[in-house]
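Report on one structure; see the data block that follows.
The values are calculated or read from the model by the stated rules, or taken from the named source; none is laboratory data. All values reported here derive from a predicted model rather than from experimental measurement. Neighbour counts run over all protein chains shown; Cβ positions are idealised from the backbone, glycine included. Just the protein is used for accessible areas: all its heavy atoms, side chains included, with ligands, DNA and RNA removed. Shrake-Rupley method; radii C 1.70, N 1.55, O 1.52, S 1.80 Å.
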Amino acid sequence: MRAFKTVFLFHLKENISSKMFIIMTIVLMGLVLGFFAFTHFSSDRGVSHIGVANETTSYNVPLKELNKKHKSFDLKAVSKDNIKKYKNKVKNNDRDGLIVITEHNGFPTVTYYYNNFADYEITSIIQQVVQQTYLQKTIHDKHVDPSVAKALLTNITVQDKALKSNDSMGLVYFFIFMMYMFILTCGQVVSMSVSSEKTSRVMEIMITKVRPIVMMYGKIFSSMSMGIAYIASIGIAYLIAQQLGWTGSDSLSIFGMPLDLSVLTFNLFLSFLVYFILGYVLFAFLFASLSSVVSRLEDLGSVIFPASILMMGAFFLGIRAMTDPTDKWVTIGSYIPFFSPVVMFTRIVLEAATPMEIGISIVILLATIVVISLLASRLYLNGVMRYSGKTTFKDVWKMIKK
Amino acid sequence: MSLSITDLSKHFGSTRAVNNISISLPKGQVLGLLGRNGAGKTTTIKMMLGLLQPNSGTIEWDGKPLSKKTLSIGYLPEERGLYPKTKIYQQLRYFGTLEGMNKSSIDSAIDYWLDRFQIPEHKHKLAGELSKGNQQKIQIIATLLHDPELIILDEPFSGLDPVNATMLSDVIEEQIKKGKTVILSSHRMEQIETFCENVCMMKQGEIVVSGKLREVKENYGYKNLHIQSDESLTEVLSSLGHLFTDKHPSYILQVSNETEGLSILNSLREKNVSIRNFSLLEPTLHEIFVERVK
């Protein structure tokens, strides 16, 4: 235990004092704070300035009323003489758009001028107003019976009631990405540590001072602590943003996916931590043991490639789980130990996993960790003392069987 | 007898890396472990350190299985390495802690050894910033830091310039005087002859020569008769029917004993050959090594 503690503390100190750790922590915190700051401050300035030139006399658009009702845009009347001037303003990005309402043969036309990106909310509202006026005008002109007219003008209500909210989609994506990134990053830190210790031949000194297995566990857990520190840094950045009042925006989203922070509970965070730790430990055993057979740093990539591919597979299955958490392959994947940390966690966030399913996946994961740790220990023990040219997977299998 | 290796074997598949060897080494003495590359020296050392499990045989210290738990061992491997991006005192502290030392004794030992090797200014430098020779000194310090009872040095002089090699020789002398048991694996025969009372030569996993260095030389089977003469002795020595090395004015003949040497000398006198110098020497370790392990 004393040897483990010594190895653990040595590598922990090396990891957290490395430039990579410091830079990545600053970048992560910066990204989280930057995201919330951008959302907070840009939402105050996001008012679109739209000009409305009404060339008709029949189709009156209540600009004041609309401005009062919708805060995201500011409609301003533009006279017929100023249309050209206002178009230039839009072209030069001084204004966001111009709506021109014209009438031909008693039929209204709405033309929307914009630069690069259209605001379809505005066109939809203007269209509704003009459409209503056109209907009323037609009913009046054609002398339609008032009761029929009333029936025709009655809006059909569409009630939008999602049985399952997709507001947590952005959060799921964020967590999946974090899980993938941290497991891969921390696993690769273990890989680099093992292989550089071996290629620099410090291993020759170390194996006489401490049992190789203790060394492996020390490295794995010190790197895991580094991963937890990354997660903590994100949490701290979030809390800072919360204290600054930047997290209250209703329109938070990641890549267009809604980000509902109200689902971010302690239990969710805890389950992320549990699956991160279990997933990381499983992959770290693979990374550490496979790296131990490498005699040259340039061979490291090809040796750990299978483990990286497994992790990528977990990530893509997690993405699939986001859109369909009850899919057959997603359900199967959530029990496969190399995929379950990402896939089962996704199902948990989307409320598509029962406590029984979660329990079974954790038990399978733990059992696999035990088996893999035994195999990894044998491979590591034989691998660190082996110096030869290229290592094939046949050699790896021989070392496990030794 | 302290170190006792009995009938030790290690096979890797069909390859016999070490085949049924036995070595005895009294406490406080020095053993020179010799052999060509692949002779089985490192495999033997790794079995002593517990890094490899023997297929058969025992390794004991004072009658008990040799283990790092019962005996403090210092090992300088042939392949050297340090953490290049870690400061010298940090990695020496790390190595010392792993050997069970406390912080204050580690720090005083670090200061002592850095002074002893005349490199105290490198204490706070990264290992990667040091020259190869100075890195080697740090590795030797890492070997001796915890004051081990059994010191195993694999090619300790490689990479050292003559000044540093002399410094290391002095350090090894000190350790021997302190009663430490030392195993020295080297290809440099002069160093083995300087330090080792005992030698063990290995070839293809087996011991071909073993015992006290003096006895090995004395009983090796021949002696070297060195004759110096201003005349050319090529014809005369050929007529005597002895094989010899002609390095005029020196001639070296292998003789089985002193009597044979004196007989040759008398024969030369009878032929009125003028001899400037005459000596009968034991074979060098280099000669024995070349003959027995080639």
List the chymotrypsin sites (Phe, Trp or Tyr not before Pro) within segment A:222-281 that fall in a DSSP loop (any state other than H, G, I, E or B) and whose Cβ has at most 13 other Cβ atoms within 10 Å.
-> A:Phe255
Stokes-Einstein D (µm²/s) once Rh is taken as the Kirkwood radius of the protein assembly as shown over alpha-carbon pairs, at 25 °C in 0.890 mPa s = 75 µm²/s
What FRET efficiency, computed as 1/(1 + (r/R0)^6) with R0 = 41 Å and r the Cβ-Cβ distance, is obtained for B:Lys247 and B:Ser72, rounded to the nearest 0.05?
-> 0.25
Between A:Leu374 and A:Lys394, take the C-beta separation as r, use R0 = 25 Å, and let me know the FRET efficiency to the nearest 0.05.
-> 0.75
Percent of all alpha-carbon pairs of segment A:258-306 at distances over 16 Å, whole number, is 57 percent
Treating only Lys and Arg (+1) and Asp and Glu (-1) as charged, each at its beta carbon, one finds that chain A has a dipole about its Cα centre, in Debye to the nearest 20, of 1440 debye
Candidates per trypsin sites (Lys or Arg not before Pro) in segment B:141-242, loop by DSSP, up to 13 other Cβ within 10 Å | B:Lys178
With only Lys, Arg, Asp and Glu charged, each at its Cβ (+1 for the first two, -1 for the last two), find how big the charge dipole of the protein assembly as shown is about the Cα centre; round to the nearest 20 debye.
-> 1260 debye
Extent along principal axes [Cα atoms of chain A; Å; largest to smallest] = 100, 44, 40
Rounded to the nearest 10 Å², the accessible area of B:Thr284 at probe 1.4 Å = 60 Å²
Can you list the lysines whose alpha carbon is less than 20 Å from that of A:Lys91, not counting same-chain residues fewer than 8 positions off?
-> A:Lys76, A:Lys80
Over all alpha-carbon pairs of segment B:153-230, lay out the pair-distance distribution in 10 Å bins, whole %, shortest bin first.
-> 15, 41, 28, 15, 2
In segment B:236-261, which residues have a backbone nitrogen under 18 Å from the label point lying 7 Å from B:Arg276's Cα in the Cα-to-Cβ direction?
-> B:236-237, B:245-253
Treat every Asp and Glu Cβ in chain B as -1 and every Lys and Arg Cβ as +1, leave all other atoms uncharged, and give the resulting dipole magnitude about the Cα centre to the nearest 20 debye.
-> 1040 debye
How large is the Kirkwood hydrodynamic radius of segment B:1-128, in angstrom, based on all distinct alpha carbon pairs?
-> 17.1 Å
Separation of segment A:289-307 and segment B:1-79 by C-alpha centroid, Å?
-> 31 Å
Take the alpha-carbon centre of segment A:129-149, take the same for segment B:230-294, and report the distance between them in whole Å.
-> 135 Å
Between A:Ser253, A:Ser302, A:Ser373, which gets the highest mean-square fluctuation from a Gaussian network model of chain A, Cα cutoff 10 Å?
-> A:Ser302
Give the long-range amide H neighbours of B:Leu49: residues separated by 5 or more places, or on another chain, with amide H under 5 Å away, using H modelled in the peptide plane at 1.01 Å from N.
-> none
Counting DSSP beta bridges in the protein assembly as shown, what percent are antiparallel, to the nearest 5?
-> 60 percent
Could you give me the percent of Cα pairs per 5 Å distance bin for segment A:273-393, shortest bin first, beginning at zero and ending with the bin that holds the maximum distance?
-> 2, 12, 20, 20, 16, 12, 9, 6, 3, 1, 0
Show the residues, 5+ positions off or on another chain, whose built amide H is closer than 5 Å to the amide H of B:Tyr83.
-> none
Springs between alpha-carbon atoms under 10 Å, Gaussian network over chain B: tell me which of B:His122, B:His11, B:His248 tops the mean-square fluctuations.
-> B:His248
Taking amide H positions as placed 1.01 Å from N in the peptide plane, with prolines and chain starts having none, which residues 5 or more places from B:Val209, or on another chain, fall under 5 Å of its amide H?
-> B:Met201
B:Ser105 paired with B:Thr284, simple spin-label distance in nm, labels 7 Å along Cα-to-beta-carbon = 4.3 nm
Given the candidates A:Gly51, A:Phe41, A:His70, the one whose Cα lies deepest towards the positive end of the charge dipole of segment A:5-96, counting +1 at each Lys or Arg C-beta and -1 at each Asp or Glu C-beta, is A:Gly51
GNM, chain A, Cα, under 10 Å: largest mean-square fluctuation among A:Gly313, A:Gly248, A:Gly359?
-> A:Gly359
Translational diffusion coefficient (Stokes-Einstein; Kirkwood radius from C-alpha pairs) of segment B:129-288 at 37 °C, 0.692 mPa s, in µm²/s = 174 µm²/s
Against the globular-protein guess of 2.2 N^0.38 Å, express the Cα radius of gyration of segment A:120-275 as a ratio, rounded to two decimals.
-> 1.98
Two pseudo-spin positions, 7 Å from Cα along C-beta at A:Ala118 and at A:Thr56, lie apart in nanometres by 1.8 nm
Could you give me the ³J(HN,Hα) list for segment A:78-90, computed from phi with Karplus coefficients 6.51, -1.76, 1.60 and θ = phi - 60°, whole Hz, x at Gly and Pro?
-> 10, 6, 4, 5, 9, 4, 4, 5, 5, 4, 5, 5, 5
³J(HN,Hα) computed for each position of segment B:238-252 - Karplus, 6.51 cos²θ - 1.76 cosθ + 1.60, integer Hz, glycine/proline x | 5, 5, 7, x, 9, 6, 8, 9, 9, 10, 2, x, 9, 9, 10
How many nm is it between the label spots at A:Phe38 and B:Glu79, if each spot is 7 Å from the Cα in line with the beta carbon?
-> 4.7 nm
³J(HN,Hα), Karplus 6.51/-1.76/1.60, whole Hz, each residue of segment A:312-321, x for Gly, Pro = 5, x, 4, 5, 5, 5, x, 4, 5, 4
Using the structure shown, list the pairs from A:Lys401/B:Lys180; A:Lys13/A:Lys390; B:Lys64/B:Lys180; A:Lys209/B:Lys41; B:Lys178/B:Lys223; B:Lys41/B:Lys69 with a Cα-Cα distance above 30 Å, or answer none.
-> A:Lys401/B:Lys180; A:Lys13/A:Lys390; B:Lys178/B:Lys223
Coil-residue trypsin sites (Lys or Arg not before Pro) of segment A:97-186, DSSP, other Cβ within 10 Å capped at 12 | A:Lys142, A:Lys161, A:Lys164
